Amino acid sequence: MVLNGVVPEAVHAELEAAPWRKTNYYAPHEYIMSTWPGMDDLWHAMRLLIQEHGYDLRFRGKPWRYLDHAGYTYWTMARWSRPGEPRPEDTLRVGYVLNRKVSGVEDPADQHR
């Protein structure tokens, strides 16, 4: 079964069960890392869904692709590092990020379309 015409029920169930961590970095949102146990497949599934069915907006002047689902707005990041750390070439060691925020909550740093 597909929910909202886009997200398969199995992926929705994984999103609901994922161990989301809260952060206020730039704006309040939650995230998971692909390197966390069991999260790699979810990250890849959401990346494909976001690419195929998402929409483009600008955040802090840069284009990002988003997908709204079940009250949240989702987006992925290809690389992640702590502020001040160099970005490693080995992104598998560092991991990929799946973010989400409550849909409809605007951030002053957002620059839409």
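State the number of residues belonging to the stretch 26-57 that are more than 18 Å from Glu16 (Cα to Cα) and part of a strand (DSSP E or B).
Final tally of qualifying residues: 3.
Restricting to the stretch 9-68, give me the number of residues that are of a type in the set (S, T, N, Q) and touching a residue at least 12 places away in the same chain (Cβ under 8 Å). Can you show your working first?
Narrowing the stretch 9-68 to residues of a type in the set (S, T, N, Q): 23-24, 34-35, 51.
With the extra rule that they be touching a residue at least 12 places away in the same chain (Cβ under 8 Å), the set shrinks to 34-35, 51.
So the count comes out to 3.
Of Tyr55, Tyr26, Tyr31, which residue is under 12 Å from the mean Cα position of the chain (by Cα) and of a type in the set (Ser, Thr, Tyr)?
After applying the criteria, what remains is Tyr31.
Could you list all residues from the stretch 69-80 that are touching a residue at least 24 places away in the same chain (Cβ under 8 Å) and either surrounded by fewer than 16 Cβ atoms within 10 Å (Cβ to Cβ) or more than 15 Å from Tyr96 (Cα to Cα) (or both)? Before the answer, list the steps.
Kept after step one, since they are touching a residue at least 24 places away in the same chain (Cβ under 8 Å), are these residues of the stretch 69-80: 69-76, 80.
His69, Ala70, Gly71, Tyr72, Thr73 - these are the residues of the stretch 69-80 that are touching a residue at least 24 places away in the same chain (Cβ under 8 Å) and either surrounded by fewer than 16 Cβ atoms within 10 Å (Cβ to Cβ) or more than 15 Å from Tyr96 (Cα to Cα) (or both).
Suppose the filter is within 13 Å of Arg100 (Cβ to Cβ), in contact with a Ser or Thr (Cβ under 8 Å, 6 or more places away or on another chain) and surrounded by 15 or more Cβ atoms within 10 Å (Cβ to Cβ); does Glu14 pass it? Step through it out loud before you land on a result.
Values: within 13 Å of Arg100 (Cβ to Cβ): yes; in contact with a Ser or Thr (Cβ under 8 Å, 6 or more places away or on another chain): no; surrounded by 15 or more Cβ atoms within 10 Å (Cβ to Cβ): yes.
Judged against the criteria, Glu14 is not a match.
Kindly establish whether Val94 is among the β-branched types (Val, Ile, Thr), surrounded by fewer than 15 Cβ atoms within 10 Å (Cβ to Cβ) and modelled with pLDDT under 90. So that I can check it myself, show each step before the final result.
Details: among the β-branched types (Val, Ile, Thr): yes; surrounded by fewer than 15 Cβ atoms within 10 Å (Cβ to Cβ): no; modelled with pLDDT under 90: yes.
It is false that Val94 is among the β-branched types (Val, Ile, Thr), surrounded by fewer than 15 Cβ atoms within 10 Å (Cβ to Cβ) and modelled with pLDDT under 90.
The values are calculated or read from the model by the stated rules, or taken from the named source; none is laboratory data. Everything quoted here is computed from the prediction, not taken from an experiment. Positions of Cβ are generated from backbone atoms using ideal geometry, with glycine treated the same way; all protein chains shown enter the neighbour counts.
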